[in-house]
Amino acid sequence: MGWIILIVVIAILAIWYVSSYNGLVKTRTYVQESWSQIDVQLKRRNDLIPNLVSTTKGYANYEQGTLKKVVELRNQLTAVPADDHQKTMEVSNELSTTLRSLFALSENYPDLKANTQFTNLMEELTNTENKIAYSRQLYNSSVASMTVKIQSFPSNIVAKIHNFQGSEYLQVPEEEKTTPKVNFDDFK
């Protein structure tokens with residue numbers, strides 16, 4: 001009778017161990033997949049930028065500095081190593097900011113604003129920026145799930161044995177956290 005109890009306990013522990021390990025592998029895969037979604041959207045944006053720049057060049061001759069900055073940041077982003085997520089997001093955030101200033105240029109150039117190709121590219125880039133934001137949220141949610149599994153008992157035992165590591169959350173840049181100052185005197 002004692003052997004049967006011992007075999008049942010060992011079987012239960014083995015099932016628990018395999019289940020915990022598989023759960024950790026599953027959440028790690030979700031983290032990797034969610035980063036892949038960010039990567040796909042960044043690639044999509046990088047593919048759209050040359051078209052936007054070439055469309056804008058003809059209209060905004062005086063804004064070459066902004067166009068040059070967009071191209072430089074795009075090139076920087078494509079040169080970042082694939083496993084350096086933090087650097088990728090830093091350059092990506094800077095590129096997003098510069099793209100917003102490029103979009104603002106259209107207000108100064110009515111012909112550019114009326115250009116269908118520019119409008120379509122702006123819309124595509126805006127949609128892509130929204131997808132990047134959503135993908136970042138998904139990534140951070142996946143990282144949170146992984147962190148919970150790695151730190152929670154008893155799966156933390158399996159995580160330690162198999163050296164499962166957590167991932168860093170993607171952070172919002174400090175300058176984007178500050179509240180914009182609005183001065184209504186400017187509208188008088």
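Read-outs throughout are calculated quantities, based only on the coordinates presented, and are distinct from any laboratory measurement. Treat the numbers as computed from the prediction; the structure is a model and nothing was measured. Heads up, the Cβs are rebuilt from the backbone with ideal geometry, glycines too, and the neighbour counts pull from every protein chain shown.
For the stretch 79-99, name all the residues that are within 22 Å of GLY65 (Cα to Cα) and surrounded by fewer than 12 Cβ atoms within 10 Å (Cβ to Cβ). Show your work before the answer.
To start, the set of residues in the stretch 79-99 that are within 22 Å of GLY65 (Cα to Cα) comprises 79, 90-99.
Correct list: ALA79 only.
Identify the residue in the stretch 150-169 that is more than 16 Å from THR29 (Cα to Cα) and among the aliphatic types (A, V, I, L, M) and, among all such residues, is surrounded by the most Cβ atoms within 10 Å (Cβ to Cβ). Full working, then the answer.
Going through the stretch 150-169, the residues more than 16 Å from THR29 (Cα to Cα) turn out to be 151-158, 160-161.
Adding the requirement that they be among the aliphatic types (A, V, I, L, M) leaves 157-158, 161.
Working: ILE157: 12, VAL158: 20, ILE161: 11.
Ranking the qualifying residues of the stretch 150-169, first place goes to VAL158.
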